[in-house]
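Peer 1: One structure is given below, represented as C-alpha cells, and several questions about it will come after.
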Amino acid sequence: MEAATTTTDTPLWTPAAVTASGNRRSPRAPQTECLFEAPASFATCVLSGVPGWWERRAAAAGLRPPWTDWTLALAAPPVAIESSASDPCLEGASSFALGEAYSRSLEASVRVGSGCHYTPELLATTLWSELGEVGRPAPGSFVDPACGAGALLVPVLRQWLADASGSDPTEALARVPGQIRGIDLDPLGVWLGNAILAAELLPLWALLAPERRSPLPQLLHVGDGLRQTGPRAAITVMNPPYGRVRLSPQDRGRWGESLFGHANRFGLFLHAAIDMTMPGGLIGAVLPTSFLGGAYYQRLRRLIADRAPLARLVFVGERFGVFAGSVLQETCLAVFRRAAAQSDIACSMLPVNGDGKRRPLGRAKVAPERAELPWLVPRAPQDGALLNRAAGLAARLSDYGWKATTGPLVWNRHKPQISPERTEGALPIVWASDLAAGRVQVSCARATQRWIRLRPRDEFMRLDEPAVLVQRTTAPEQPRRLVASLLDATTLAEVWGGSVVVENHVNVLRCADPASPLTPEVLAALLSSEPLDRIYRCLTGSVAVSAYELAALPLPPADILRTWRDVPVDEVPRLVAEVYG
C-alpha cells in the first residue's frame, strides 16, 4: 500500500474521506460534504440505500410506522448524503454485507490509500469465536480503534445483547455506549457503522413504549484510534490499515519500542492496542502474517512476547477475494492476552472459499530468549513433529561463521556497464535463472546481460570465493521455496573464470571461518532438503526468500555436522531426515 507522510499533529493513516483528486479532508470534525467530488459515486449509491435498509430491519423487529423511519431512531447524522439512486438489493443485505458494499464502492485509490478493507462476516465471527476460546477477561469495555463500519463490533454487540436479555430495555440501552465503542477517521464509514450497530438494537428499542423511545445511541466516533481515550478496554478488536508510513521524529520516539526500520500502520495499531488494553484483557486482530517473520517486525515480536503473548492464530486460507480490491497479503486472525505468561500458540487454518470450518494445525512455541527471530508456526497438520524437532535446535548460520546477504548488483542502476559480450576486465553476472540442479550454471536466459565492467567504486560487488547462492524470489506455485546452488571453488574457477558479480534477486551465503563445521557442500545440501524447505515455509508465508529469514533457520549441532563433512552429498538427505524427523 502507498506510504503516507505524517507529523505529530496529523493522524497516522489517511481517512477514506478523500477527494477524487487525492486531497485530504480534516479528520478533526465531522464532515458535511459527500465522499467524492465526482458526481454519482458508487459510495453515495450505497449510503443512499440506508433508509430503505433501515425500514426493512425496523419492520422485522416488530416496529410499525412512523417508528420505521430512520430519522426517529438515529440521532442527527454527522454527514449529509446527496440523494442518489440506491441499489434495491441492499435493502435485504445483512449488517456485514452493507458495510462490505460500502468498502467495495470506494474508488481504488481511496480504498488503498486509507487501508479501507472491511472485515467480511466469516472473519468477524471467527475472530470473536477465537477470543472466546481464550476466555473472557474481567468485566470492561469492548473497543475497536480502526472500526470502519463496525463489522468486528457486530458479534460483540450481539453477544452483549444476549447477555443482557431480560434486563430493562431503557437501562440496557443506556449502558451500551459505555461498553462498546469504535473509532475511525472516515466520517462516512462511522455514520454507516452507527446505523448498522443501531439496527442490532432495534429489537430492544421495540420493547419500549413509544413515549419512552429516544434516539438510539451512537457507538462509533470520528477520531484517531492511535490516541487513547477513555479507560483501558477488556477486549480490543481491530482490522487495522496496512501499509508503510513515514513518521516524524516525535512519533518514532513514541513507537520506538516496536519499530525497526520502516514503520507499518498495522504495527502501530497493534502497539497502541497493547497499551490500550487492561492487564488480563484480550486483543483480537486481523493482521498480515508478515509480523510473524519479517525483519522489520523483530521489535514488534519482542514487544508482543513481553507484554501481550500470542495465544491463538488462524491463517486465512485464501489471498484472493477475501477483501474488497486487490489485497494480496497473506492474512491471519490473531488473539493476544495482555500481561500473560507465554504459552503454546494454538494454530489453525480457515478456508474462506470452502466450508468455513477451522482446521487445526497444531501448536507453536516461542522461546522468550529468541522472540525477535521469526516464529516457527505450523502451516499444515503434518508440520507439528518437524517443528518440535526444529525448536530444539539452537544453532543458526552465524554460529558457524556464515553470513547471508543480498546480491549487490541492482542491474538497472548499471545499464551502461552491462553487455552481452565479454570485454577486457569484465566479470560475468550470476542471475537467479543460473541457479539450477544444485549448481550455478550459465543459463541462456540472460545472455544479453551476461557481462559487467566494474568501476573502482564497484569492486565491493566482486565475489571471488566459494559461496552458496539462494534465489530471493519464488512463485506461489513453485514446489520449493528454497532454491539453493553451490558455487564451489572448482565451479567458480572453471565455469565462471574465478570472479563473478551476483545480481540482487539472489542471496549470497559466505563463511568467514575456515574451520567451520558447516561446509558449503553440506549447507547447500541442507537447504536443498525437504525438511529445511518446509521449515522455511513455516517461518514465513511470503514467496520472497530473505537473507534475514535464512539466517534464522535452525541448524543441526556442530558435532553432527562434523560427522557429515566426508559423507557423500547424496547421503545428506537421509541424515537430515534423521535430525529433523
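Peer 1: Being acidic (Asp, Glu), surrounded by 23 or more Cβ atoms within 10 Å (Cβ to Cβ) and assigned by TED's automatic domain parsing to the domain that holds Trp451, is that true of even one residue in the stretch 494-507?
Peer 2: Yes, the stretch 494-507 contains a residue that is acidic (Asp, Glu), surrounded by 23 or more Cβ atoms within 10 Å (Cβ to Cβ) and assigned by TED's automatic domain parsing to the domain that holds Trp451.
Peer 1: Of the residues Ala263, Ala233, which is buried (at least 18 other Cβ atoms within 10 Å of the Cβ) and either within 16 Å of Pro309 (Cα to Cα) or free of Cβ contacts under 8 Å to residues at least 60 places away in the same chain (or both)?
Peer 2: Ala263
Peer 1: If you don't mind, there's one more thing I want to ask. Out of the helices (runs of 4 or more DSSP H) lying entirely within the stretch 203-315, which hold 1 or more residues that are in contact with a Gly (Cβ under 8 Å, 6 or more places away or on another chain)?
Peer 2: Filter on the stretch 203-315 gives 265-276, 298-307.
Peer 1: Go through the stretch 19-77 residue by residue and tally those that are of a type in the set (Val, Ile, Thr), at pLDDT 55 or above and in a loop (DSSP other than H, G, I, E, B).
Peer 2: Summing the residues that are of a type in the set (Val, Ile, Thr), at pLDDT 55 or above and in a loop (DSSP other than H, G, I, E, B) in the stretch 19-77 gives 1.
Peer 1: Which is outside any loop (DSSP other than H, G, I, E, B), touching a residue at least 60 places away in the same chain (Cβ under 8 Å) and under 20 Å from Ser529 (Cα atoms), of Ala404, Ala346?
Peer 2: Of Ala404, Ala346, the one residue that is outside any loop (DSSP other than H, G, I, E, B), touching a residue at least 60 places away in the same chain (Cβ under 8 Å) and under 20 Å from Ser529 (Cα atoms) is Ala404.
Peer 1: Please verify whether Ala577 is within 26 Å of Gly261 (Cβ to Cβ), touching a residue at least 12 places away in the same chain (Cβ under 8 Å) and among the aliphatic types (A, V, I, L, M), treating the condition exactly as stated.
Peer 2: no
Peer 1: If you check every pair at least six apart or on different chains, which have Cβ atoms under 7 Å apart with a residue in the stretch 447-467 that is touching a residue at least 12 places away in the same chain (Cβ under 8 Å) and farther than 21 Å from Pro520 by Cβ first and a residue that is exposed (fewer than 15 other Cβ atoms within 10 Å of the Cβ) and among the small types (Gly, Ala, Ser) second?
Peer 2: Partner pairs satisfying both residue conditions: Arg453/Gly425.
Peer 1: Further question on the same structure: Do we have Gly148 as at pLDDT 95 or above, of a type in the set (Gly, Ala, Ser) and within 22 Å of the chain's Cα centre (by Cα) here?
Peer 2: no
The values are calculated or read from the model by the stated rules, or taken from the named source; none is laboratory data. Small disclaimer: the values here were computed from a predicted structure and weren't measured. Cβ: placed from backbone, ideal geometry, glycine included. Neighbour counts: every protein chain shown.
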